[in-house]
Amino acid sequence: MTEIDRSLIGQLSEPFTVEVEPGAIRKFADAIGDPNPLYRDPAHARAQGYANVVAPPTFPTCFRPPKEPPWFAPLDRRRVVAGQTSFDYARPIVAGMRLTCRVRFVGVEDKQGSKGRMELLHQAVEGRDETGELVFTAGRSTVYRSLAQVEKRSLA
């Protein structure tokens with residue numbers, strides 16, 4: 001099974017901008033059930049040495065390019081399952097930042113699971129500040145299941 005176009009490995013998506021807003025940080029913290037005042041109270045965050053409220057470490061999971069990258073766009077969404085994520089920070093994301101992000105196609109692995117063959121699609125999202133300095137890198141692995149797995153499941 002080789003359905004993901006491996007000739008695109010190493011390519012980058014078009015850059016996209018994320019304006020980090022305090023309300024978005026608060027809503028994300030609400031969604032993950034984290035009451036940490038660093039994510040909600042600007043005065044508390046400033047007292048801890050930050051310029052504004054701080055985003056939770058998994059916040060970049062909601063950063064998506066407006067147009068899907070060419071290696072991901074043709075995939076059958078019924079076969080896509082979220083996999084592993086990782087985050088590496090040069091410094092915390094805080095409200096007021098304007099980040100330029102790009103998704104990089106890192107690679108593909110073929111795997112055999114208990115329910116059949118699959119491909120693991122590895123991507124990395126990089127976010128840079130307005131001076132071009134790296135703020136974070138978020139790794140993302142996506143499971144692309146075989147068509148047979150999807151068809152078996154829909155018949156059950």
Among the residues of the range 68-105, the number that are over 30 Å from Arg46 (Cβ atoms), open to solvent by less than 70 Å² (accessible area, probe 1.4 Å) and out of contact with any helix residue (DSSP H, G or I) (no Cβ under 7 Å at 6 or more places or on another chain) is 9
Checked pairs for the range 102-115, first basic (Lys, Arg), second part of a strand (DSSP E or B) and open to solvent by 80 Å² or more (accessible area, probe 1.4 Å), C-beta under 9 Å and 6 or more apart or across chains, list as Arg102/Leu12; Arg102/Arg128; Arg104/Leu12; Lys111/Arg117
Exactly one of Ala148, Ala124, Ala73, Ala45 is in a helix (DSSP H, G or I) and without any contact (Cβ under 8 Å) to a residue 40 or more places away in the chain, and that residue is Ala148
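The values are calculated or read from the model by the stated rules, or taken from the named source; none is laboratory data. All values reported here derive from a predicted model rather than from experimental measurement. FYI the Cβ positions are ideal-geometry reconstructions off the backbone, even for glycines, and counts take in every protein chain you see. Ligands, DNA and RNA are excluded from the accessible area calculation, which covers all protein heavy atoms including side chains. Shrake-Rupley method; radii C 1.70, N 1.55, O 1.52, S 1.80 Å.
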